[in-house]
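Asks: Got a structure for you, questions after.
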Amino acid sequence: MRASIVLGFVALLLYGPAGADYSKREDVLAYMGALVAEHGFDRSELQAVFADARHQPRIVEAISRPKERTLKWHEYRRIFLGQPRIDQGVAFWRQNEAALKSAEASFQVAPEYVVAIIGVETSFGRVMGTHRVLDALSTLAFDYPPRADFFRNELTEFLLLVREEGRSPSEFKGSYAGAMGYGQFIPSSFRHYAVDFDGDGARDIWSNTTDAIGSVANYFAKHGWRPAGLVAVRVQVAQPQVADEAVGNGLTLKSTVGELRTLGVHTPAAPDTAKAALLRMELEDGAEYWLALHNFQVITRYNRSRLYALAVHQLSRAIKAQRDAAASNAGWTGGP
């Protein structure tokens, strides 16, 4: 029997049917007590919040579902770099030209990378999640032991967010893991990096593309994005067997460009002392090698996956190339 189904049965036995509320559970009562003591919440208001929160077994099943297998690079790339997504990215850029220019000026982050993040995360706002964030985080905080600590912290961040924004916890929608808006920020990321980029007094990453764009750009800037820095470059290797010994995952830049050159990696015009990682990406009929540099590692702070970061990089390049070609062919100067 699949593990996710077993977990669903366990959740049903321990916590009741889908929709059962949390307000009477001892663990939740203890959690509420900590919120009152540490953050000054009103207990009666918390009682009302958790009476409204609903356990969702399907969320536990979704997050517990084992991956059938790990996708190889050529399979992962195919998901995120299809022509429709590139076309949508060009359209999104054109529709949000002013906000992207302003974000680049404010945060020094190239607009194509902001566009690509939003494209990979939500298909430019088309898939932002339909779960109530309150239900998702309550379910995972109290009914998913493998990561309960993480999601309990995110639940606390969510309740603080709600208080700071002056909104109802029941109105926020997102993914089954509590990620929200165009850029899929978890609550802690929202509190630290979301910005009111249009100055209307609210940080709205759900329906306000200007705020969403500014927030993604701010996230990159706060994690050390370098305006003139390289992200990743495809490279050739003289001796694959030798180079493979230096292959990393891109999450940590353990090598230098100079060290990789000594292994026969034909690196770009980057200083020998620049930190780097050599990536080996699987193709249908072999592999290709990529040199990951500082800004690549910044992208992995958004999602700790070399596949994700390289998909964002390649999507950004494809969108920019198509946009530039269209502008050149039409004599377009970049205005809306």
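Just so it is clear, none of the values below were taken in a lab; they were calculated from the coordinates. On a predicted model such as this, the values are computed, not experimentally measured, just so you know. Counting neighbours? That spans all protein chains shown, and the Cβs are built from the backbone with ideal geometry, glycine included.
Asks: Please list log₁₀ I(q)/I(0) at q = 0.10, 0.13, 0.15, 0.17 Å⁻¹ for the stretch 245-336, using the Debye equation with identical point scatterers on the alpha-carbon positions.
Replies: Ignoring solvent entirely, the Cα scatterers give -0.35, -0.55, -0.67, -0.79.
Asks: Please list, in chain and number order, the residues 5+ apart from SER255 or on another chain whose amide H is under 5 Å from its amide H, with Hs placed from the backbone.
Replies: The answer is ALA276.
Asks: Additional query: Using each residue's phi in the stretch 285-294, evaluate 6.51 cos²θ - 1.76 cosθ + 1.60 at θ = phi - 60° and report the 3J(HN,Hα) Karplus result to the nearest Hz, with x for Gly and Pro.
Replies: Each residue of the stretch 285-294 in turn: 10, x, 8, 10, 10, 10, 9, 9, 10, 3 Hz.
Asks: While we're looking at this one, here's another question. Give the Debye-formula value of log10 I(q)/I(0) at each listed q (0.06, 0.09, 0.14 Å⁻¹), with one equal scatterer per alpha carbon of the chain, two decimals each.
Replies: -0.26, -0.58, -1.16
Asks: Pairs LYS275/LYS320; LYS222/LYS254; LYS173/LYS320; LYS72/LYS222: which are spaced more than 24 Å apart, C-alpha to C-alpha?
Replies: Values: LYS275/LYS320 26 Å; LYS222/LYS254 22 Å; LYS173/LYS320 31 Å; LYS72/LYS222 31 Å.
Distance filter (> 24 Å) returns LYS275/LYS320; LYS173/LYS320; LYS72/LYS222.
Asks: Treat every Asp and Glu Cβ in the chain as -1 and every Lys and Arg Cβ as +1, leave all other atoms uncharged, and give the resulting dipole magnitude about the Cα centre to the nearest 20 debye. Let's see the in-between values first.
Replies: Numbers: 37 positive and 37 negative charges, 137 e Å.
The calculated dipole for the chain is roughly 660 debye.
Asks: So, one more: Rounding to the nearest 20 debye, state how big the charge dipole of the stretch 199-336 is about its Cα centre with +1 on each Lys and Arg Cβ and -1 on each Asp and Glu Cβ. Don't skip to the answer; put the middle values down first.
Replies: Working: 14 positive and 12 negative charges, 75 e Å.
With only Lys, Arg, Asp and Glu charged at Cβ, the dipole is about 360 debye.
Asks: Determine, for VAL298, VAL127, the number of other Cβ atoms within 10 Å of each Cβ, and report the residues in order from fewest to most.
Replies: Values: VAL298 22, VAL127 11.
Result, fewest neighbours first: VAL127, VAL298.
Asks: When the expected Rg is taken as 2.2 N^0.38 Å, what fraction or multiple of it is the alpha-carbon Rg of the stretch 76-222?
Replies: Working: Rg = 15.5 Å, N = 147, 2.2 N^0.38 = 14.7 Å.
Here the answer is 1.06, to two decimals.
Asks: Kindly write out, for the stretch 222-233 in residue order, the coupling ³J(HN,Hα) from the Karplus curve 6.51 cos²θ - 1.76 cosθ + 1.60 (θ = phi - 60°), rounded to whole Hz, with x marking Gly and Pro.
Replies: Rounded to whole hertz, the list is 5, 9, x, 4, 9, x, 9, x, 6, 9, 7, 9.
Asks: Another question, then. Suppose a student asked you for the relative contact order of the chain, using Cα pairs under 8 Å spaced at least 6 residues apart; what percent would you report?
Replies: Working: 536 pairs, mean separation 58.3, N = 336.
Computed over the chain, the figure is 17 percent.
Asks: Would you list the P(r) distribution for the stretch 232-292, with all Cα-Cα distances sorted into 5 Å bins from 0 and each bin expressed as a whole %?
Replies: P(r) over the stretch 232-292, rounded to whole percents: 4, 21, 36, 26, 10, 3, 1.
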